[in-house]
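**Q** Here's a structure for you.
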Amino acid sequence: MGLKYKRVLLKISGEALGTEDNIYDSQKIHDIAKQIVKLQEEGLQIAIVVGGGNIWRGNQADTISMNPISADYMGMLATVMNALALEAVLKNEGSTHVVVTSKVQVPEVASPYLFKKAKALLEKGAIVILAGGTGQPKFTTDTAATIRAIELEADVLLMAKNGVDGIYDKDPKQNKDAVRFEQISLRDLQQKNLKVMDLTASSLAMEDNVDIVVFDINDANNIYKAAHGQARATIVTGGEK
Ligand code: UDP
């Protein structure tokens, strides 16, 4: 089973790293890291955008009556925590070349994100973790993942979902007869009023023809399989393709 891509942008949501009770689940995070290290050993260039939803999301601002912009920065800082956790576990699983970068400046623990530097690191075989989202409030890490896939010229955006194995014509949790798409264009998704990511992210993906593979991170070995074009997934083609 050969690699399908040379360079990927892997988006991992924060929730995929933990459980309802714990922000991190040792088995889950080690399992994710193991697959990524194996892919690195096979020569895949891997950039990772990690979310923060297992710790904090900006839309929780109301729960403590806080300013929503500060709450978004808290969300971005949560992604830095996740990046550091992932870095530690990747090293634990045997990777000798992992670099954490961030759009929110925390130089003690993460290099500032610079796209040319990140590209050079990918070319040298480093796993490059991209924390801090876009560095701007009002955005999501899905948007960050899309922008980074474009600027780092990834062949594909591997969108690891937590408990959903692709895109369906209706909510599969509510409808037993929901049908999963094997392949669909972003334009068709928009026309059918279905979503793979937020509107900002999908508009950017459409503009730059970003291909996206949507798969369930909880299925055994699915990141590894997705990188080899073998995962049960929906392939979302960018633009008109
Ligand atoms: N966030 C932000 N700007 C960004 C990315 C993230 O303000 O560019 C904040 C936002 O509050 C978001 C939180 O960080 O709710 C965590 O990110 P996200 O919800 O995308 O994480 P995920 O759902 O993927 O774990």
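**Q** By how many nm would the segment from Glu153 to Gln136 lengthen if fully extended, with 0.36 nm per residue of separation less the alpha-carbon distance?
**A** Stretched out fully, the Glu153 to Gln136 stretch lengthens by 4.0 nm.
**Q** To continue, here is another question. Starting from 0 in steps of 5 Å, tell me what percent of the Cα-Cα pairs of the chain lands in each bin.
**A** 1, 7, 14, 19, 21, 18, 12, 6, 2, 0, 0
**Q** Kirkwood hydrodynamic radius (Cα pairs, Å) of the range 1-135?
**A** 15.2
**Q** Now, a different point. Answer rounded, prolate or oblate for the range 108-241, using the Cα gyration tensor with square roots of eigenvalues a ≥ b ≥ c: rounded when a/c is under 1.5, else prolate when a/b is larger than b/c, else oblate.
**A** prolate
**Q** Listed here are the pairs Lys11/Lys91; Lys34/Lys170; Lys6/Lys117; Lys34/Lys103; Lys11/Lys116; which of them are more than 29 Å apart at the Cα?
**A** Lys34/Lys170, as the Cα separations exceed 29 Å there.
**Q** Amide H neighbours of Ser102 under 5 Å, counting only residues 5+ apart in sequence or on other chains, H built in-plane at 1.01 Å?
**A** Excluding prolines and chain starts, which carry no amide H, the hits are Ser111, Tyr113, Ala131.
**Q** On to the next question. Taking the Cα-to-Cβ direction at Leu194 and at Asp208 and moving 7 Å from each Cα, how far apart do the two end points lie in nm?
**A** 2.5
**Q** Nearest 500 deg cm²/dmol is fine: what mean residue ellipticity at 222 nm does the chain get from its DSSP H runs of n ≥ 4 alone, each adding -39,500 (n - 2.57), divided by its residue count?
**A** Result for the chain, helices only: -10500 deg cm²/dmol.
**Q** In debye, nearest 20: dipole of the range 27-145 around its Cα centre with unit charges on the Cβ of K, R (+) and D, E (-)?
**A** My answer is approximately 220 debye.
**Q** Once you place label points 7 Å from the Cα toward the Cβ at Arg187 and Leu3, how far apart are they in nm?
**A** 3.2
**Q** If I take all pairs of Cα atoms in the range 142-206, what percentage of them are more than 20 Å from each other?
**A** 31
**Q** While we're on this one: Mind telling me which of Leu114, Leu152, Leu189 comes out most flexible in a GNM of the chain, alpha-carbon contacts under 10 Å?
**A** Leu114
**Q** Show me the helices of the chain, taken as full DSSP H stretches, that run 24 Å or more along their long axis by Cα and average -0.5 or above in Kyte-Doolittle hydropathy.
**A** Helices passing the filter in the chain: 68-92.
**Q** Take the chain, connect every pair of alpha-carbon atoms lying under 10 Å apart with a spring to form a Gaussian network, then pick out the residue of Gln183, Gln27, Gln40 with the largest mean-square fluctuation.
**A** Most flexible of the set in this elastic network: Gln27.
**Q** Would you mind classifying the range 19-80 by shape? Square roots of the alpha carbon gyration tensor eigenvalues, ordered a ≥ b ≥ c; an a/c under 1.5 is rounded, otherwise it is prolate if a/b is larger than b/c and oblate if not.
**A** Judged from the Cα gyration tensor, the range 19-80 comes out oblate (a/c at least 1.5, b/c at or above a/b).
**Q** Could I ask something else about it? With the contact rule set at Cα under 8 Å and sequence spacing of 6 or more, what percent relative contact order holds for the range 14-165?
**A** It rounds to 25 percent for the range 14-165.
**Q** Magnitude of the Cβ-charge dipole of the chain, K/R +1 and D/E -1, about the Cα centre, nearest 20 debye?
**A** Magnitude of the dipole: close to 380 debye.
**Q** For the residue pair Ala178 and Asp62, what label-to-label distance in nm results when each label sits 7 Å from Cα along the Cα-to-beta-carbon direction?
**A** 2.4
**Q** Can you tell which of Lys161, Lys195, Lys103 shows the greatest fluctuation in a Gaussian network model of the chain with Cα springs below 10 Å?
**A** Ranking Lys161, Lys195, Lys103 by mean-square fluctuation puts Lys195 first.
**Q** Would you please give the FRET efficiency between Glu42 and Phe115, computed as 1/(1 + (r/R0)^6) with r the Cβ-Cβ distance and R0 = 30 Å, to the nearest 0.05?
**A** According to the calculation, E is roughly 0.75.
Here, each number is a calculation from the coordinates, and none is a lab measurement. Note that this is a predicted model, so its numbers are computed, not measured. Neighbour counts run over all protein chains shown; Cβ positions are idealised from the backbone, glycine included.
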